[in-house]
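Here, each number is a calculation from the coordinates, and none is a lab measurement. The structure displayed is predicted, hence computed values, not measured ones. Every residue, glycine as well, gets a Cβ built from its backbone with ideal geometry; the counts of neighbours run over all protein chains shown.
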Amino acid sequence: MHLRKRVLVTGGAGFLGSHLCDQLIDEKYDVLCVDNFYTGSKRNVAHLLGNTYFELVRHDITFPLYVEVDEIYNLACPASPIHYQEDPVQTTKVNVHGSINMLGLAKRIKAKILQASTSEVYGDPTVHPQPETYHGNVNCIGPRSCYDEGKRCAETLFFDYYRQHNLKIKVARIFNTYGPRMHLNDGRVISNFIVQALKGKPLTIYGNGNQTRSFCYVDDLIGGLIRLMNTDDDVTGPINLGKPGEFKILELAEKIMDLTNSESEIVFKPMPIDDPMQRKPDITLARKYLEWEPEVALEEGLKKTIAYFEELLRSPLS
Ligand code: NAD
Ligand code: UDP
Ligand code: UDP
């Protein structure tokens with residue numbers, strides 16, 4: 001007999017996964033965190049290790065997993081371009097083989113399963129902002145394809161298991177999210193700029209900095225994921241989760257320099273292949289089905305993230 005709902009979080013030792021584990025523990029779930037520590041770290045969940053309702057297992061989800069839970073959040077997958085491009089075949093595998101394994105698991109134990117999909121399924125979008133009905137503009141043979149097409153195929157698998165096996169699925173399309181616990185060498189724009197600014201090193205802008213992104217603070221995003229998991233069974237998504245403000249990368253660099261009182265200079269580097277020029281979520285569906293609205297303003301979220309990196313850089317482990 002178990003009194004608490006049992007939840008599996010794959011990729012639970014990563015940036016988003018560890019915050020999700022924290023929130024689920026707070027909400028009285030029994031959490032099983034599975035991670036192979038490819039980009040995640042035991043440090044992200046070390047504070048949970050003594051908790052009776054938390055378990056950490058080292059496992060690569062491209063291999064089968066036999067456990068018994070009520071809900072599965074499937075987050076396992078490197079998310080930063082530099083990391084997912086390091087071993088692109090493994091990136092496709094975690095999205096395809098990994099998703100098949102987690103869907104097979106959900107099917108056997110009749111668990112509800114949520115997929116952490118991404119705004120990358122829209123590629124370099126020609127529709128702006130992006131609603132869930134937009135089918136995207138994705139290159140299938142470029143350096144980003146292992147991630148973009150991997151995540152698209154994962155969505156296909158989720159909907160085929162839903163249609164073919166009546167699985168209870170939820171698909172969240174997550175837009176750029178940031179916050180404490182991002183890795184020092186994560187490589188994504190906010191952590192790069194903050195670490196560069198704090199170290200007095202030049203901020204590296206790829207291209208001319210006119211490309212845009214929308215940035216969501218981690219606490220808001222985690223709230224959205226849990227709300228989505230708790231919707232009625234007929235709500236499958238895909239549902240966009242992100243904060244609709246839109247910022248040029250150059251503007252972001254200036255904001256971070258300002259907030260860190262940095263005297264770093266800005267340097268311009270080549271634009272990566274297939275780097276999307278614009279991105280902004282249409283969150284009408286999330287507002288309607290989840291009654292969700294991200295609340296943390298960029299400046300407020302950046303201040304918290306800067307405080308985290310300042311502390312990390314002071315620590316002997318960094
Ligand atoms: P992250 O790299 O910090 O976390 C990913 C975690 O998955 C890591 O702990 C890593 O070790 C683990 N992992 C990777 N391959 C695995 C495997 N084969 N088996 C088990 N564990 C494995 O990235 P994140 O930002 O926390 O992203 C989490 C999820 O959310 C990813 O699926 C990502 O695609 C998705 N997402 C994130 C963002 C964002 O802005 N943070 C945006 C869109 C989608
Ligand atoms: N699987 C798993 N855990 C389970 C059940 C299945 O990891 O508890 C994996 C298993 O490796 C299988 C995959 O999920 O290959 C897909 O399972 P499904 O039942 O859909 O297909 P099949 O077993 O027919 O390949
Ligand atoms: N970027 C940048 N400098 C960096 C890291 C990223 O100018 O040091 C740019 C990158 O080219 C992209 C944007 O910032 O246009 C967001 O990049 P990130 O890797 O954070 O996420 P994604 O491209 O997946 O949205």
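Quantify how much of the Cα-Cα distance distribution of region 1-53 extends past 18 Å, in percent. Kindly include the intermediate steps, with their values, before the conclusion.
Working: 313 of 1378 pairs.
It works out to 23 percent of all Cα pairs.
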TODO: Can you pull the one-decimal nm distance between simple spin-label points at ASN261 and GLN164, each 7 Å off the Cα toward Cβ?
DONE: 6.0 nm
Task: LEU167 long-range amide H proximity, modeled H, under 5 Å - done: TYR162
Open item on the list: Please list 3J(HN,Hα) in residue order for region 181-198, calculated via the Karplus relation 6.51 cos²θ - 1.76 cosθ + 1.60 where θ = phi - 60°; whole Hz, with x for glycine and proline.
Closed with: 6, 5, 5, 3, 9, 4, x, 7, 5, 5, 5, 4, 5, 5, 5, 4, 5, 5
Open item on the list: What three numbers, in Å, describe the spread of the alpha carbons of region 39-173 along their principal axes, ordered from the longest?
Closed with: 49, 36, 27
Task: Karplus-derived 3J(HN,Hα), 6.51/-1.76/1.60, for each residue of region 263-274, Hz, glycine and proline x - done: 10, 4, 9, 10, 10, 9, 10, x, 6, x, 4, 6
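Using the count of nearby Cβ atoms within 10 Å as a rough guide to exposure, how do ILE306, ILE113 rank from fewest to most?
On the way: ILE306 20, ILE113 26.
In increasing order of surrounding Cβ atoms, one gets ILE306, ILE113.
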Open item on the list: Cut-off under 23 Å on the C-alpha distance; same-chain residues fewer than 8 positions from LYS170 excluded. Which lysines are left, in chain and number order?
Closed with: LYS5, LYS28, LYS93, LYS107, LYS110, LYS112, LYS151, LYS243, LYS280, LYS288
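For region 58-111, build the convex hull from the C-alpha positions and give me its volume per residue in Å³. Mind showing how you got there, number by number?
On the way: hull volume 4.0 nm³, N = 54.
Measuring per residue, one finds 74 Å³ for the Cα hull of region 58-111.
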Task: Rg(Cα)/(2.2 N^0.38 Å) for region 167-311, N = residue count - done: 1.13
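Taking every eigenvalue of the Cα gyration tensor of region 148-216, multiplying by 5 and rooting it, what semi-axes result, largest first, whole Å? If you can, show how the numbers build up before the last one.
Working: eigenvalues 257, 37, 19 Å².
Semi-axes from the Cα gyration tensor: 36, 14, 10 Å.
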Task: Convex hull of region 259-318 built on C-alpha atoms - directionally averaged projected area, nm² - done: 7.6 nm²
- [ ] With N denoting the number of residues in the chain, provide Rg(C-alpha) divided by 2.2 N^0.38 Å, to two decimal places.
- [x] 0.96
Open item on the list: Can you tell me what percent of all Cα-Cα pairs in region 99-214 are more than 17 Å apart?
Closed with: 66 percent
Open item on the list: Using helices alone, I'd like the mean residue ellipticity at 222 nm for the chain: each DSSP H run of four-plus residues gives -39500 (n - 2.57), total over residue count, nearest 500.
Closed with: -11500 deg cm²/dmol
Task: In order through region 48-63: 3J(HN,Hα) via Karplus (6.51 cos²θ - 1.76 cosθ + 1.60), integer Hz, x for Gly, Pro - done: 9, 4, x, 7, 4, 9, 10, 9, 10, 10, 7, 7, 9, 6, 6, 9
Task: Over the chain, relative contact order from alpha-carbon pairs under 8 Å, at least 6 apart, % - done: 17 percent
- [ ] Normalise the Debye intensity by I(0) for region 197-279, one equal point scatterer per Cα, no solvent, then take log10 at q = 0.10, 0.15, 0.18 Å⁻¹ and round to two decimals.
- [x] -0.38, -0.71, -0.87
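So what is the diffusion coefficient of region 135-187 in µm² per second by Stokes-Einstein at 25 °C and 0.890 mPa s, using a Kirkwood Rh over Cα pairs? Walk me through the numbers on the way to the answer.
Numbers: Rh = 13.6 Å.
Roughly 180 µm²/s, to the nearest whole number.
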Task: Share of Cα-Cα pairs in region 18-79 lying beyond 13 Å, as whole percent - done: 63 percent
